[in-house]
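What follows is a set of notes on a single structure, which appears directly below.
The values are calculated or read from the model by the stated rules, or taken from the named source; none is laboratory data. Computed from a predicted model, the values in this text were never measured in an experiment. FYI the Cβ positions are ideal-geometry reconstructions off the backbone, even for glycines, and counts take in every protein chain you see. Remember, those area values only see protein heavy atoms, side chains included, never the ligands or the DNA or RNA. Shrake-Rupley method; radii C 1.70, N 1.55, O 1.52, S 1.80 Å.
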Amino acid sequence: MSSNSFSYNEQSGGGEATELGQEATSTISPSGAFGLFSSDLKKNEDLKQMLESNKDSAKLDAMKRIVGMIAKGKNASELFPAVVKNVASKNIEIKKLVYVYLVRYAEEQQDLALLSISTFQRALKDPNQLIRASALRVLSSIRVPIIVPIMMLAIKEASADLSPYVRKNAAHAIQKLYSLDPEQKEMLIEVIEKLLKDKSTLVAGSVVMAFEEVCPDRIDLIHKNYRKLCNLLVDVEEWGQVVIIHMLTRYARTQFVSPWKEGDELEDNEKNFYESDDDQKEKTDKRKKLYTMDPDHRLLIRNTKPLLQSRNAAVVMAVAQLYWHISPKSEAGIISKSLVRLLRSNREVQYIVLQNIATMSIQRKGIFEPYLKSFYVRSTDPTMIKTLKLEILTNLANEANISTLLREFQTYVKSQDKQFAAATIQTIGRCATNILEVTDTCLNGLVCLLSNRDEIVVAESVVVIKKLLQMQPAQHGEIIKHMAKLLDSITVPVARASILWLIGENCERVPKIAPDVLRKMAKSFTSEDDLVKLQILNLGAKLYLTNSKQTKLLTQYILNLGKYDQNYDIRDRTRFIRQLIVPNEKSGALSKYAKKIFLAQKPAPLLESPFKDRDHFQLGTLSHTLNIKATGYLELSNWPEVAPDPSVRNVEVMELAKEWTPAGKAKQENSAKKFYSESEEEEDSSDSSSDSESESGSESGEQGESGEEGDSNEDSSEDSSSEQDSESGRESGLENKRTAKRNSKAKGKSDSEDGEKENEKSKTSDSSNAESSSIEDSSSDSESESESESESESRRVTKEKEKKTKQDRTPLTKDVSLLDLDDFNPVSTPVALPTPALSPSLMADLEGLNLSTSSSVISVSTPAFVPTKTHVLLHRMSGKGLAAHYFFPRQPCIFGDKMVSIQITLNNTTDRKIENIHIGEKKLPIGMKMHVFNPIDSLEPEGSITVSMGIDFCDSTQTASFQLCTKDDCFSVNIQPPVGELLLPVAMSEKDFKKEQGMLTGMNETSAVIIAAPQNFTPSVIFQKVVNVANVGAVPSGQDNIHRYEE
Amino acid sequence: MSRTTSLPKRIKIHFMFFPAILSDSTTVLEFQFSCSIPAPLHSENDYFGVCSEPVIKDNVVVVYEVLEEMLDNGFPLATESNILKELIKPPTILRTVVNTITGSTNVGDQLPTGQLSVVPWRRTGVKYTNNEAYFDVIEEIDAIIDKSGSTITAEIQGVIDACVKLTGMPDLTLSFMNPRLLDDVSFHPCVRFKRWESERILSFIPPDGNFRLLSYHVSAQNLVAIPVYVKHNISFRDSSSLGRFEITVGPKQTMGKTIEGVTVTSQMPKGVLNMNLTPSQGTHTFDPVTKMLSWDVGKINPQKLPSLKGTMSLQAGASKPDENPTINLQFKIQQLAISGLKVNRLDMYGEKYKPFKGIKYMTKAGKFQVRT
């Protein structure tokens, strides 16, 4: 067979060649790249004809081919006139492809591109929102400066469009116009401001993106929208979430005070300055309480937490950096688990995430320590991942885990990936310097590596050993001798230089070897690397100074060699050394100090992480990845010393007042007020209410809060417990008297209110006693009276109101439950009344628009203050090592709306596992209900776990008794709620408050006089005291000296 | 020149770096997005069955159209494949035929309803004659086993992939027998996070078709059962140019299930010139260029353990490699979730019909390495 073809070849070699040529052309011509120029022209000609034909199918075919040409990188610009004509095509696919073409070539052919503009202007008025949107998209992508005014107009119009999809595209167009013509900035900011008010989740992400591009410094535009954005966040599409979270991180850093300097240092300082007097202590406590996190700050942290569970790595990373930059240190720990999860995704994402973890782990190794093993290196990881993992392992190394890590490193050193093996050796060096216990072990290990067969490994070991020895200069003569021997075999310049330097530095410790080494080096001087030559010179100089008898001639020989070296650095060095060490008439005073200069104690090098200096960049940004400030990087500001006025974010309360008017009126008002007349949409959003907000908040809030709680617990428990005692005593007294009264009412609240007021009084007087001031100011009397009075009334009012609205709502919810898929407003009732005038497409528009802004009738507001005191449920002595504490997180209970949520923290103080912790027999008074926590399988020794449960106390302060059981034992425990914890704060305006107060005078009214010391008589102190004992919220008040609280 | 650049590469380059160059932005976003591009393009009944260079070249117009919808000015616009499919209909042979006859197009002319609703992941008006919902619980074991056979690190990563073809707007709940096993979870956006937090129930309105409902992690603290072991004896001798190679794979803690689809791969040291091996079952290959040994074992029969024995010929004169090669293992176990996770029940609300439900379990090796 082969011989056959061979003979054929011989016969007609030329023919073969032509055939080959033909074959080549035939394979290529379909794609047209190497076709003849003329044929290419012809092809374009027929494309033109097709574009001018009447048949859509021909046009479409032509457009497809043109787009194909663009994709292949061929110039199709000469077809521009023919293509532009088709921009008005009815066929939507042709239109789309023309758009693709236009975006590509319009900048080159500006005049012709103008032909298409009128079509876009027409399309912008099209009834189909998709067409409006894509027209805007393309119009704004055409970079022709002449049409800037048209674009501006189009954006303005689109920003008021009925369809949120079009508005979203308007937000995108803003950025494009800005990059085309930055002059338009002011006008664009106006549009951004308008769009920021938009309540659609669809728009939110895009407009924030535009904000970040155009005017990231106009933080004032965010104030009014801050809470809305926080609450919308979970419903925004993923990409939008990322942008919003980054923006809010920056915002939070400018608007809130730092949550970081908590407790410890402050307290220590105080104690050093003063004796721990009782009075002083109280002061300290007050100081500590002064830092309460701004509720808005808390809102952000709480609302972003569920997003850690997102499937989108970018979102998780964004939340992680938010927690890292703005949450209290104690809460940042939760991000580690999610970040470790991201390590499963593709390697690009892995790389970025590992970089960020590396930066984090330098500052706070604690949060990643449990996941140490997740950073173990696999042989299949790419090198970039391997080195990053090593970096993290180094950061996480401590006394406890170093032995396991070193064992792991041993495997890595043997890796076939030599670059990685070298990095491992450096890592070992760093561990050795950081953890003193293992320095010797590491050193020995590294010395063993010196006999490794691989040169890179040996070289790296030498360099690292040099650094280590420099840190502990004493008695390492043996190692130095060993290394001196290596000079014969090792060729890597850095390693040779390191050895020479080491010998020079320790030349007095190895007096016999050092001159010999110098002798060998003198022989090979000319063939050495520059780096090595410099060190030979150094070694010679040092030996000359210490042992001139043996080495004088050698050194002079080397200096002579160096004098004529090709490298000027070496010549310079030679000249310098010669002047310094060889005494002659010209050398000045310096040569006397030559020994001091050359053999001075040198500070040990610091082996530092390459990620050390990255922390000033915001995590997750390109700048952080590159460790260079990239253009467009927005600096994360430092926390302000004093928080800017938080009231700038208040918008809700005022709107709330309006919403509380009867429905018809409210609607009118709204539609008149809004700039786009979507009254239906308004209705939707108004109903979806802010109670959904607070509910979505509460679920995630509990845990967050508890973390904070734990910190300050110990400090405040002492004085709060005594207070607690006196309160409860008094309450129970009152309780007995009023039993009859309570029973007669189904949901009577008066007792608790009395109790509450009682508390108020007792506390104020308590504090005045403590301050030992007996002056009873008459004015303070009246003030506190009015305060407590109004407070108790307001509570009643709102409670009733709430009941009413709840009844209203429940039946409605059922109707819409199938449609209303939004997780976060389960009780909201979008009562979109389909108006006949609405087109079906508009209805579709509206479907997505029920957004949770603030506008419910009664909105349960977030607690103004969460008390930090915990109560003992089960002491560890009586619980055989199981200790239980509880506190009231003041969150709406997730188990039922009448329940009070309680968080129980269980601690295992024994040295063995406690298994199967659960609630046993319950002894509850009639009517009381309890939602128990799920049984806990086991609790590790020293472990603690926090569970939440709900108890419906029936608005009474009766004790709930139940049994807390473990596998072996049962302990009877009980919870008695302080009256203040049975309340629920709601947000309402002063006006509403007064109205409700007026409706409820009479039967439930109680008033009393509270005597307060003058120093307690400042609004903030009163507020602090009230919220400390009762879960109420403050009504914004016009008058200074009247405090109103809502339950 | 442009012809030699393959299109997929260009897409990647374009998307990964274009936004980054414009200004500083979040790096993960870019990478995540660039990774999400192929997703709608190649996942099963989306655009193209597989996303290869020729397929993209053939469908360059569709790719353009899709990308146009996915991205605007460097910012992701719509990445949900359900929405994209409504905007740009996937090309099928049937549709091409219909289009040529009727002159209709692949491009939808209405905004997908999902885009604006609160469930952007689901389109409205879904209809099926057979209503079915299948869930695959797939767990992967990531492990590093050291020389002596003890586990250095092992963890289980699981996912629940769903294929839901249900009419209308069904609301599903899925509950587990032992939800506490799940240490860390991430959800498809359709899952109601609050229900999970409070009741440990997955409650969701599913997207139409295939999607990943949940991915989870079973913590390393729980002891992970390692279903296979590898006995190995790989030795290089300093003097001779021959090395011994012998590995045996056997089952361990398999809960009575058979291990299938076993493949062993190993990157041999550079010094190995060739290998002369005989497997007791399956086939093996050794690529002398990449030094990659792979052995396709198949099923493990506990009575007759599969083994691969033979010699390696080493480069003459070269010193023996420092490290023995790492062995990577792939395997599959049907009908078993190694963590013990069990779905308790699946309920549907909101629609009247009775769907057909199915749940499948599978355990696979993830990054399973044995150091020798």
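Structure data summary
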| item | result |
| --- | --- |
| Karplus (6.51, -1.76, 1.60) ³J(HN,Hα), θ = phi - 60°, over the stretch A:148-154, in Hz, Gly and Pro reported as x | 3, x, 5, 4, 4, 5, 4 |
| At least 30 Å² accessible surface lost relative to isolated chain, residues of the stretch A:47-76 (1.4 Å probe) | A:Lys64, A:Val67, A:Ala71, A:Lys72 |
| D_trans [Stokes-Einstein, Kirkwood Rh over alpha-carbon pairs] for the stretch B:221-372, 4 °C, 1.567 mPa s, µm² s⁻¹ | 73 µm²/s |
| ³J(HN,Hα) computed for each position of the stretch A:131-136 - Karplus, 6.51 cos²θ - 1.76 cosθ + 1.60, integer Hz, glycine/proline x | 5, 4, 5, 6, 4, 5 |
| Residues of the stretch A:310-328 buried by at least 30 Å² on assembly (accessible area, 1.4 Å probe, chain alone as reference) | A:Arg311, A:Ala314 |
| For residues of A:123-130, the mean tally of beta carbons on other chains within 10 Å | 2 |
| Amide H contacts under 5 Å for B:Asn274, placed H, 5+ residues apart | B:Ser313 |
| Portion, in percent, of the accessible area of the stretch A:151-236 that falls on carbon or sulfur, probe 1.4 Å | 50 percent |
| Probe 1.4 Å, accessible area per residue of the stretch A:78-118, Å² | 39 Å² |
| Mean projected area in nm² (Cα convex hull; one quarter of hull surface) for the stretch B:287-363 | 10.7 nm² |
| Interface B:A - total buried accessible surface [probe 1.4 Å, Å², rounded to 100] | 8400 Å² |
| Complex-versus-alone comparison for the stretch B:336-372, residues with a loss of 10 Å² or more in accessible area, probe 1.4 Å | B:Gly350, B:Lys367, B:Gln369, B:Arg371 |
| For peptides B:207-218, B:241-252, A:456-467, sequence by mean Cβ density within 10 Å, most packed first | A:456-467, B:207-218, B:241-252 |
| Accessible area of the stretch A:408-566 divided out per residue, in Å², using a probe of 1.4 angstrom | 44 Å² |
| P(r) tail fraction, the stretch A:345-454 - alpha-carbon pairs more than 17 Å apart, % | 52 percent |
| Rounded percent of accessible protein surface that carbon and sulfur make up, the stretch A:434-525, 1.4 Å probe | 56 percent |
| Average beta carbon contacts from partner chains per residue of B:266-273, 10 Å cutoff | 1 |
| Projected area averaged over orientations for the stretch A:547-648, convex hull of C-alpha atoms, nm² | 14.6 nm² |
| Amide H contacts under 5 Å for B:Val343, placed H, 5+ residues apart | B:Met177 |
| Integer Hz, Karplus 6.51/-1.76/1.60 couplings in order for the stretch B:158-172, x for Gly and Pro | x, 9, 10, 9, 10, 10, 10, 10, 10, 6, x, 10, x, 10, 9 |
| The stretch A:321-387: relative contact order as a whole-number percent, Cα under 8 Å and 6+ apart | 28 percent |
| Order by protection proxy (mean Cβ within 10 Å, highest first), peptides A:518-531, A:141-154, A:219-232 | A:219-232, A:141-154, A:518-531 |
| Distant-in-sequence amide H partners of B:Tyr349 (H built 1.01 Å from N, under 5 Å) | B:Asp171, B:Leu172, B:Thr173 |
| Test item: B:183-192 mean partner chain Cβ contacts at 10 Å | 5 |
